[in-house]
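Single-structure report; data block below.
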Amino acid sequence: MGQAVTRTAMGKDELGRLIELALGEAKRLGVDQAEVSASHDIGLSATARKGDVENLEYTNDRGIGVTVYKDSCKGSASTSDFSKDAILEAVGKACTFATLTAPDEYAGLADAELMCTSEPELDLDHPWSLEADEAVALAIETEAAAMQFDKRISNSEGATVSTNRGIHAYGNTHGFFGGHTRTSHSIMAIVLAEADGVMQRDYHYSAARDPGDLEAAVDVGQAAAARVIARLGARKIKTTRAPVLFVPELARGFVGHAIRAVSGGAQYRRSSFLLGAAGEQIFPDFVNILERPHIQKGMASAAFDSEGVATYDRDIVTDGVLQGYILSSYSARRLGLTTTANAGGAQNLVVPGGGKDLAELTRDMGTGLLVEELIGHGVNAVTGDYSRGAVGHWVENGEIQYPVHEVTIAGNLKSLYQGIAAIGDDQDLRGGIRCGSLLVDEMTIAGT
């Protein structure tokens, strides 16, 4: 496949010098405050289809963003050119933009005393010395494992192997500077199967900071194959009301709707179905949601947020009661509160389970719908109305009976959250919300 390519991101010190240059220029131009973020990401992605390479992509993305504040007016500019002249020009444009915007009394840096003073080692940097020919071979192996699993698997959308390493640094006129390097790697397969003239599609993927934590390529391929075979013979069901069990990868999204509803932006814009809900019981008393930003190798771990504020452990929901919102400094000021170090979002939300896994919760459900894929984005953030297309399996007497498709599950999230009957321990660790299987006691299931 040609010569090996060395992919090396810039170092923290290199980005630091660029940030220092930009901040110095901002001060020279007379701003009250300024902040600068810089990043450099490198990566490799190889996709194989029908036993041959279909796509090979290298990424080498970098950028620097400058935000200045003058007389409560804000201006921002960015560039992907790291030359001195380009950076100075970006600062100048940001300052010009600030003269054209309306004052905003809530704008500005986070308070200086909240800045991160020491960065804990989070073990986020695990480079994968994977060259193009190796990535292609691994993708071919993944796809072959899926295609050979069952003769009913008739086609493939390909298998993809990806690796990325990036560095992000941030500094501001409080004197704060911090940076971190992190990696992310993944293997994915998408295959199609056919029976009785009806085709089904499904996938599986593995993702981790450390390539040593990835599932084996063969296992990823076979898992994708097993999922699509399980879908064959899918049928519609009659409209009913019944329990619904979400698999872990969907449960985290179901919980995520609540997290977005309690974000500062949704609260001060008054566009949330959980408006002013701090202190209220929004889940059953066995539900807890914990923010743990310093998990080793965590997919959303961070020592500081995008404003430089030191992150810390906090319990967002305790015994079902919402303890507070997810705030940046801006949204906190709008609400008369203090930032919760969540500029840029929450970091590693953990939803503890009750000691059971998906199989046990399936038995506990008795009769209902096991949901394995959701279709569409039918969630109203203001009212909490929830309506999504669903694919999965119908369960009776605690046993899977047959695959189901072309149904819609619906309800209102405020009542659905109160109706959570159980949460499993089988957490999906591939994202920023770690939640296990989640059982809701009743939803409307619209079919034929």
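So the values come out like this:
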{"quantity": "Residues being within 19 Å of the chain's Cα centre (by Cα), open to solvent by 10 Å² or more (accessible area, probe 1.4 Å) and farther than 17 Å from Gly436 by Cα - total across the stretch 275-299", "calculated": "4"}
{"quantity": "Residue check, Gln267 surrounded by fewer than 21 Cβ atoms within 10 Å (Cβ to Cβ) and either among the polar types (S, T, N, Q) or touching a Ser or Thr at 6+ places or on another chain (Cβ under 8 Å) (or both)", "calculated": "no"}
{"quantity": "Filter result (outside any loop (DSSP other than H, G, I, E, B), over 22 Å from Gly424 (Cβ atoms) and of a type in the set (A, V, I, L, M)) within the stretch 282-320", "calculated": "Val309, Ala310"}
{"quantity": "Residue among Ala189, Ala135, Ala144 that is touching a residue at least 12 places away in the same chain (Cβ under 8 Å), outside any strand (DSSP E or B), surrounded by 21 or more Cβ atoms within 10 Å (Cβ to Cβ) and out of contact with any Lys or Arg (no Cβ under 7 Å at 6 or more places or on another chain)", "calculated": "Ala135"}
{"quantity": "Residues satisfying the stated conditions in the stretch 230-264, i.e. over 28 Å from Ile289 (Cβ atoms) and open to solvent by 30 Å² or more (accessible area, probe 1.4 Å)", "calculated": "Ala230, Gly233, Arg235, Lys236, Lys238, Thr239, Thr240"}
{"quantity": "Some residue of the stretch 398-410 being open to solvent by 20 Å² or more (accessible area, probe 1.4 Å), touching a residue at least 60 places away in the same chain (Cβ under 8 Å) and over 26 Å from Ala224 (Cα atoms)", "calculated": "no"}
{"quantity": "Residues of the stretch 153-178 classified as within 24 Å of Ala22 (Cα to Cα), part of a strand (DSSP E or B) and either modelled with pLDDT under 95 or in contact with a Cys (Cβ under 8 Å, 6 or more places away or on another chain) (or both), total", "calculated": "1"}
{"quantity": "Within the stretch 338-389, tally of residues that are open to solvent by less than 60 Å² (accessible area, probe 1.4 Å), within 30 Å of Gly264 (Cα to Cα) and not in a loop (DSSP other than H, G, I, E, B)", "calculated": "10"}
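The values are calculated or read from the model by the stated rules, or taken from the named source; none is laboratory data. It should be emphasised that the depicted structure is a prediction, and the values quoted were computed from it without experimental measurement. Cβ: placed from backbone, ideal geometry, glycine included. Neighbour counts: every protein chain shown. Quick note on the areas: whole protein, heavy atoms, side chains included, nothing else; ligands and nucleic acids left out. Shrake-Rupley method; radii C 1.70, N 1.55, O 1.52, S 1.80 Å.
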